[in-house]
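What follows is a single structure, written as structure tokens, with notes after it.
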Amino acid sequence: MFASMLAFVACGGGEQPTATEPESTEYPATEVVEEDAVEDEDAGVVEIQLRTVGETMADMEFSPKQIKVAAGSSVVVILENEAEAAAMIHNFVLVNRGTADEVYPLAIEAGPDNNYVPTDNENIIAYTPMANPGESVKVEFDAPEPGIYQFICTYPGHASMKGIFVVE
Ligand SMILES: [Cu+2]
């Protein structure tokens, strides 16, 4: 332990006497590049306003039903539950395409204590808490790889609520 610390100090000290000035002028150039990268990420924040409408299980739905984001985006989905009926409790769960039917039974198993989200399932990419009628909830996540995904509501009996999430 001590020996390796000595070696580290000796190595670092060896460079400093001759290289302190030139190196300090090179570092800012590197930092500027990193800052640019951060700015690009900020520019890629996409805020999605998603609503749930309808007052019965026959007409409840997401609006819009299709969301498209650019690859590499930081995505913020704000789900606004516009319903008034007490049974209209909804969430937004982003899943891999074609896996909704696999996720539903697991959501029931997860139960109300887990907001009806089987959080350890590998097909779930992002999810919000449940929104009661009149409530808004949100989730932030990095857009997954380019492709087509599905978003669903995992509240029991709400399997008819579906949308398409496209990353391109
Ligand atoms: Cu729902």
Can you list the strands (runs of 3 or more DSSP E) lying wholly within region 62-142 that have 1 or more residues being within 14 Å of the ligand (Cβ to nearest atom), more than 17 Å from the chain's Cα centre (by Cα) and under 13 Å from Cys153 (Cβ atoms)?
74-81
Could you tell me whether any residue of region 144-155 is within 16 Å of the ligand (Cβ to nearest atom) and surrounded by fewer than 14 Cβ atoms within 10 Å (Cβ to Cβ)?
no
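Is at least one residue of region 103-111 in contact with a His (Cβ under 8 Å, 6 or more places away or on another chain), at pLDDT 95 or above, surrounded by 14 or more Cβ atoms within 10 Å (Cβ to Cβ) and farther than 14 Å from Ser160 by Cα? Walk me through it before giving the result.
Taking region 103-111 first, the residues in contact with a His (Cβ under 8 Å, 6 or more places away or on another chain) are none.
No: zero hits.
Residue-by-condition table, conditions (1) in contact (Cβ under 8 Å) with a residue 60 or more places away in the chain; (2) farther than 20 Å from Glu168 by Cα; (3) touching a Ser or Thr at 6+ places or on another chain (Cβ under 8 Å):
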{"position": "Ala85", "(1), (2), (3)": "no, yes, yes"}
{"position": "Val93", "(1), (2), (3)": "yes, no, yes"}
{"position": "Leu106", "(1), (2), (3)": "no, yes, no"}
{"position": "Ala110", "(1), (2), (3)": "no, yes, yes"}
{"position": "Ile125", "(1), (2), (3)": "no, no, no"}
{"position": "Pro129", "(1), (2), (3)": "no, yes, no"}
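The values are calculated or read from the model by the stated rules, or taken from the named source; none is laboratory data. All values derive from a computational prediction rather than experimental measurement. In this analysis, Cβ positions are derived from the backbone assuming ideal geometry, glycine residues included, and neighbour counts consider all displayed protein chains.
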